[in-house]
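The values are calculated or read from the model by the stated rules, or taken from the named source; none is laboratory data. Please read all numbers here as calculations on a predicted model, not as lab measurements. Cβ sites come from the backbone with ideal geometry, for glycine too, and all protein chains shown count toward neighbours.
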Amino acid sequence: MMRKTLASLLLCSSLLVPACNKKADRAETREMPHYITAQDKAANSGAPAGVMSGAGLAVAGDTIGAEGYIDHGKNPWVDASKDNLSTFAADVDTASYSLARRKLLEGTMPVPAGVRVEEFVNYFRYSFPTPQSDSPFAVIMEAAPSPLAPGRHIVRVGVATKAKTAQERKPANLVFLVDVSGSMQRPDRIELAKKALTILTNNLGEGDSVSIVTYAGSTRVVLEPTGMEDKSKILEALDNLTAGGSTGMASGIDLAYKQAMQGLRPGTISRVIVLSDGDANVGPTTHDEILKIIEGRAKEGVTLSTIGFGTGNYKDATMERLADKGNGNNFYIDSEDEAKKVFETDLTATLEVVAKDAKLQVDFDSKMVARYRLVGYENRDIADNDFRNDRVDAGEIGAGHQVTALYEVELTAQGKQLNAPLGGIRIRHKAPNGEKATEAAFPMPGGPAASFENSSADFRFAFATAAFADVLRGGQDAEHWSLADIRDMAKAAAGDSAERRELVSLIEKAMSITGRTAAK
């Protein structure tokens, strides 16, 4: 009998997208995963769901099955008079953006099911005030008329934590779990993974330690926990890594956790970092057991992040799911520059969690807002009545991380007449090693801007980014949006940021590939 891959088992797992209808049984409080299926959304919106592809700007040659994407559907419009609350888990993954960038630069369109709007938006940095002394969060909530859909407004909700310097960061006990199977032999995989880990190692400091575990046909500890005083030993071990053979990720994860548990102690970071294309055989361990192991170790204090490489057989859904269960982040490395961003520029945010099980709940004023649509976060949706159910898993926010969400809204007659706040936001989270959650509420400081042009550059750029992603994934409301208009919005708000200017070039690349001219 053929061995199932880890990706195929996880995609078939009931744990991956369990039924969890946000709109049903609202009075009932229950323990359950926060993921809501595309089928649930379709039942609310009347749209088809549960397919592996999507309308989008797909072109011939999409290998959706081979690359293991899951289409979580699109959030429906919600009548604010019937449900004024929008609840979701904080998410700061960015893999979707860098994977889409690679495909666009190679002259192909990203697979619509792999485009997650929130990961596009959260790839970029925005300006935030300093958090108040009584809260770890800084909050921004602003609105303006939509430049793409007359009669609608855009609402931006932003949450950020205070950044920490390298000296303020807790000592890190890191285990590099490296896939050295045959599928990783290409230069854009094992060699890029080695460069990424070299960058990470060179940015660690006194008190940090590294161990290395590899997995292929068998697993082995390449390097026992080693401090930065022996950094040359770590770099030599990385340089000697080679790929070849079949894959057994499950036994590799188990061995990596054994290494991580050795260094688990108060006041430190203990994290497993998986580097793989995700195309791995389970071996004797079932998918349920793997996920339970990862979830259990996260509760004990060992988190897990996933770093993806390669295309063609990349298992996007697998890598995202592993990181979700491990209370870590999911990144995709398509270049040495991206490795520097993740492991150098954003290293402290990548490593140190400051808010665990973080949930956001936007409370729209139904007197002002007739209906709303959350753009993205489809697989981060949480039942409104589980906002204060602290047994329900949510998202993790690192030191200096930012979480941004955007809504399309339509105002009531009163909302159109009054320039007043449209709602507020509540944030609920636990301390990194705590089990008791705290909650804070933040009102919207004022009404919408008079025009889109009068809104902040961050607001305009974030919306342009979300709009581009919504077009790429085939969003129903984005079907007739002009890529040229979106490009012009992004360009006007990009300033001198190289990353923002890159987005402008990617929009132009999509226009070229699809033939969507300035009139389309």
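Of the candidates A431, A399, the single residue that is in the same structural domain as F364 (by TED's automatic domain parsing), crowded, with 20+ Cβ neighbours inside 10 Å and of a type in the set (A, V, I, L, M, F, W, C) is A399. For the condition closer than 27 Å to A355 by Cα, among the small types (G, A, S), outside the structural domain of A399 (by TED's automatic domain parsing) and surrounded by 16 or more Cβ atoms within 10 Å (Cβ to Cβ), A216 does not qualify.
Among the residues making up the stretch 206-227, those that are under 27 Å from the mean Cα position of the chain (by Cα) and within 17 Å of P171 (Cβ to Cβ) are D208, S209, V210, S211. The single condition among (1) surrounded by 24 or more Cβ atoms within 10 Å (Cβ to Cβ); (2) acidic (D, E); (3) not assigned by TED's automatic domain parsing to the domain that holds R373 that D188 does not satisfy is (1). V157 falls short on exactly one of the conditions (1) over 25 Å from the mean Cα position of the chain (by Cα); (2) outside the structural domain of S305 (by TED's automatic domain parsing); (3) surrounded by 18 or more Cβ atoms within 10 Å (Cβ to Cβ); (4) not aromatic (F, W, Y), and that condition is (1).
For the stretch 191-213, the candidate set comprises residues that are outside any helix (DSSP H, G or I) and hydroxyl-bearing (S, T, Y); within that set, the residue that is surrounded by the most Cβ atoms within 10 Å (Cβ to Cβ) is S211. No other residue among E336, E344, E396 is under 18 Å from the mean Cα position of the chain (by Cα) and either at negative phi or at pLDDT below 95 (or both) apart from E396. Of all the listed residues (E289, E320, E295), the sole one being under 19 Å from the mean Cα position of the chain (by Cα), surrounded by fewer than 20 Cβ atoms within 10 Å (Cβ to Cβ) and outside the structural domain of R101 (by TED's automatic domain parsing) is E295.
Residues in the stretch 442-488 that are farther than 21 Å from R373 by Cβ and among the hydrophobic types (A, V, I, L, M, F, W, C) were compared, and the one that is surrounded by the fewest Cβ atoms within 10 Å (Cβ to Cβ) is A450. Among the residues of the stretch 447-505, the ones that are of a type in the set (F, W, Y), over 22 Å from the mean Cα position of the chain (by Cα) and in a helix (DSSP H, G or I) come to 1 in all. Of the numbered criteria (1) in contact with a helix residue (DSSP H, G or I) (Cβ under 8 Å, 6 or more places away or on another chain); (2) in contact (Cβ under 8 Å) with a residue 60 or more places away in the chain, the one V354 fails is (1). Scanning the stretch 228-256 for residues that are in contact with a strand residue (DSSP E or B) (Cβ under 6 Å, 6 or more places away or on another chain), crowded, with 16+ Cβ neighbours inside 10 Å and under 29 Å from E168 (Cα atoms) yields I234, A237, A256. Kindly indicate whether L275 is part of a helix (DSSP H, G or I), under 24 Å from A166 (Cβ atoms), of a type outside the set (D, E, K, R) and at pLDDT 90 or above. Criteria not met by L275. Taken over the stretch 151-189, the criterion of being of a type in the set (A, V, I, L, M) and part of a loop (DSSP other than H, G, I, E, B) is satisfied by A163, A166, V180.
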